[in-house]
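Read through the structure below, which is laid out as structure tokens, and then see the notes.
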């Protein structure tokens, strides 16, 4: 079912003329998979729901490993999917929502907050912004961010691109207030 997996690391060393120490880092782990429901309506999307569970762990672990950090050092995460032309948005929802979150949370340890997500239909080379939020507290504004991903030869008509992004920090030079990282309680996913 998986045609290819890509891992991309983005490091920001300078922003607005200021040096970022240590650099902020984001890692995207991306899978291109076949869509078993492409070109037809199916009431039951269990096959994609199960694939989502498998990909949550696989991609989450790969992103954490790419950053070279321990799972508890991950700070924010997000998920996204692009469905090829013969698919439907509900196919992306089936992968992203029912079961992908639990193994992703395990890969980043804790993860009390909702994992931000995005989905769209697109052709080969389509880009999507994977939204990011702090893994334990939604009110940490310094971690509201995104990472754009694209795969030049995907998704084909009968494929889905699935991405998980993990960071080891917030945005570079974040300074708009809100709940600070050291104030997180991590109990309700908000604070």
Right, residue 10: surrounded by fewer than 13 Cβ atoms within 10 Å (Cβ to Cβ) and in contact (Cβ under 8 Å) with a residue 60 or more places away in the chain or not? no
From the option list 98, 22, single residue qualifying as more than 15 Å from residue 165 (Cα to Cα), in contact with a helix residue (DSSP H, G or I) (Cβ under 6 Å, 6 or more places away or on another chain) and either exposed (fewer than 15 other Cβ atoms within 10 Å of the Cβ) or modelled with pLDDT of 95 or more (or both) is 98
Given 40, 62, which one is free of Cβ contacts under 8 Å to residues at least 40 places away in the same chain and either over 20 Å from residue 106 (Cα atoms) or outside any strand (DSSP E or B) (or both)? 40
With respect to residue 123, determine if the residue is part of a loop (DSSP other than H, G, I, E, B), free of Cβ contacts under 8 Å to residues at least 40 places away in the same chain and touching a helix residue (DSSP H, G or I) at 6+ places or on another chain (Cβ under 6 Å). no
Which count do you get for residues in the range 108-133 that are under 20 Å from residue 24 (Cβ atoms), modelled with pLDDT of 95 or more and buried (at least 18 other Cβ atoms within 10 Å of the Cβ)? 7
Considering only the range 80-94, I want to know if a residue exists there that is within 14 Å of the chain's Cα centre (by Cα), on the phi < 0 side of the Ramachandran plot and in a loop (DSSP other than H, G, I, E, B). no
Anything in the range 65-79 that is under 20 Å from residue 8 (Cβ atoms) and part of a loop (DSSP other than H, G, I, E, B)? List them, or say none. 68, 69, 74, 75
Being part of a loop (DSSP other than H, G, I, E, B), out of contact with any strand residue (DSSP E or B) (no Cβ under 6 Å at 6 or more places or on another chain) and touching a residue at least 40 places away in the same chain (Cβ under 8 Å) narrows it down to one residue among 107, 112; which is it? 112
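The values are calculated or read from the model by the stated rules, or taken from the named source; none is laboratory data. This structure is a prediction, so every number in the text was calculated from the model and none was measured. Neighbour counts are summed over all protein chains in view; Cβ atoms, including those assigned to glycine, are modelled from backbone coordinates with ideal geometry.
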